[in-house]
Structure formats: C-alpha cells, structure tokens
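Written below as structure tokens is the structure these notes are about.
The values are calculated or read from the model by the stated rules, or taken from the named source; none is laboratory data. Just so it is clear, the model here is predicted, and its values are computed rather than measured. Neighbour counts are summed over all protein chains in view; Cβ atoms, including those assigned to glycine, are modelled from backbone coordinates with ideal geometry. We work out accessible area using only protein heavy atoms, side chains counted, and drop any ligands, DNA or RNA first. Shrake-Rupley method; radii C 1.70, N 1.55, O 1.52, S 1.80 Å.
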Amino acid sequence: DPNQAPDMLKGVIAIRQLHIKALRETGFSAADEMLYPENYRFLSDLLGYVAIGARSVENQQHRLVSSGLSVPAGMKNPTGGDISVMMNAITAAQSSHTFLFTDWEVESKGNPLAHAILRGYVDKEGHNHPNYHYEDLEHLCQMYAERPEIVNPAVIVDCNHSNSGKRFEQQIRIAEEILHMCQLSNDINKLFKGLMIESYLEDGNQHPDGKVYGKSITDPCLGWDKTKNLIYRLAELR
C-alpha cells in the first residue's frame, strides 16, 4: 500500500500468506521475478519458477544465484535487446560456481532449466521493438544450436513490455500469433514453452496514488475477464 509507511516484516508475512493461500486453493505454486537475490530465501519453499528481469540479467550475482536454484529460471533479454547477453546469462546459470552469498561460501551445481525469455527492447531513441516474430524465434533456435553446452533449450515469450509497446490489449493478438507460429515450425514448437502475460483484476493502470482496487499502479495490465477468455482461446489453439 503506497499510502502506508513501509513495514518489511509485515510485507514478507503478507506475501507468504498470499502464496500459501494460492497454493492450498489451486494446487499450483507461483512464479516471481527475482529482483533482489538475497530476498529469494523468504519464498524459496513456495515458488515454482523464477524470472530474471531485463535490468538484472547482466548482473553476475543474479546469474550465480540462478545457478543454485532447484526451479526453472527464465533469463530475459536486456532492455537494449542484445540477445547474446541473455544467452551468456543462460550459460552462466547452467554452469556450476563457487561464490560468496550473504557471507557464506556457496557451491552451485548449475541449473539445467535456465532458459530464455523474449520481452522486446528499446532503442537509443526510446522506441519499442518487438522480438517475438517468426524470424526472431528462428534466430533464437539458431543461437541455441550454436551453443551445444546449453541443455534443455527453451523460450517463454513476454507478451507485454516492449513486445506490445505496453499496449496491454495487444497481448491477446501476440499470444495467438505465437501459437500460430508453433503450428508453422516444428523447431519453434519444440523451443516454445509458454507465455508471460501481464494481468490484473481491472484493465489498464493508474497513478501510484490511485484508489481503484484491482488496477495496476505500474504497467498497464489485461483485466481478469479478458485474461480468462484468452486462456480459453489459447487452450483451443494449442
């Protein structure tokens, strides 16, 4: 709540309670973005997936910690769009390391489930460029082929961010397009593992000091009704 004073302990407890409730009621564990590697331990027993964001994927600590996780770790391409940075992060996360973490010496065995997330990028003029098109996915297939040391090649496509230009309703079209590509290419179909869709209760977003319950105070999101309809539509296409 942006209108209340920060309370870290209360926040951690509330987040854990939310995850536990979702796990009990649905049977599915949640995914999360690992903004701060040292905070992962507060949810490590509850999460089933971790994403490394576009601004963190070049950070060595995020790569090292990802190499020791027991759940899949998705590496987003950086905001500048250099796919080789993302591929280097996947290689690092799949490799074993010895490093210091929270004053402890850690030995990781490598995470064989580290993989790519395509989220589009922004050029130096501030323009958004998508990278989910057929040619982009074909190129990613080729980059994986050139790195045989990477096992379990996979990609998840982020339908929002720079892929949609943050036009949240475009996520519906993008998701359907990607499933169509899977029907056209066996290589893309084998590589493709899922979609990342920004969804909330209400369409769009509001200012951080807004009062609309269920509407994002960050990026614009697809509302629940549209999200539900999209899930049913994708199930039919898949």
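Of all residues in segment 68-105 being small (Gly, Ala, Ser) and touching a Lys or Arg at 6+ places or on another chain (Cβ under 8 Å), which is nearest to GLN142 (Cα to Cα)? Restricting to residues being small (Gly, Ala, Ser) and touching a Lys or Arg at 6+ places or on another chain (Cβ under 8 Å), the top hit is ALA89. Hey, among the residues in segment 188-238 that are among the β-branched types (Val, Ile, Thr) and under 17 Å from ARG119 (Cα atoms), which one's least open to solvent (accessible area, probe 1.4 Å)? Among those residues, the one meeting the criterion is ILE188. The set of residues in segment 92-140 being open to solvent by less than 60 Å² (accessible area, probe 1.4 Å) and without any contact (Cβ under 8 Å) to a residue 12 or more places away in the chain consists of GLY126 alone.
Tell me yes or no: at least one residue of segment 158-168 is more than 19 Å from the chain's Cα centre (by Cα) and either closer than 23 Å to ASN59 by Cα or assigned to a loop (DSSP other than H, G, I, E, B) (or both). No.
As a summary of the residue check, ARG167 satisfies the conditions (1) open to solvent by 60 Å² or more (accessible area, probe 1.4 Å); (2) among the charged types (D, E, K, R); (3) farther than 19 Å from ALA54 by Cα except for the one numbered (3). In segment 1-29, the residues that are within 26 Å of GLN206 (Cα to Cα) reach residues that are of a type in the set (Ser, Thr, Tyr) and open to solvent by less than 80 Å² (accessible area, probe 1.4 Å) with C-beta atoms within less than 9 angstrom, at least six apart or across chains, in these pairs: HIS19/SER29; ALA22/SER29. Restricting attention to segment 176-230, report how many residues are small (Gly, Ala, Ser), assigned to a loop (DSSP other than H, G, I, E, B) and at pLDDT 95 or above. Number satisfying all stated conditions: 3.
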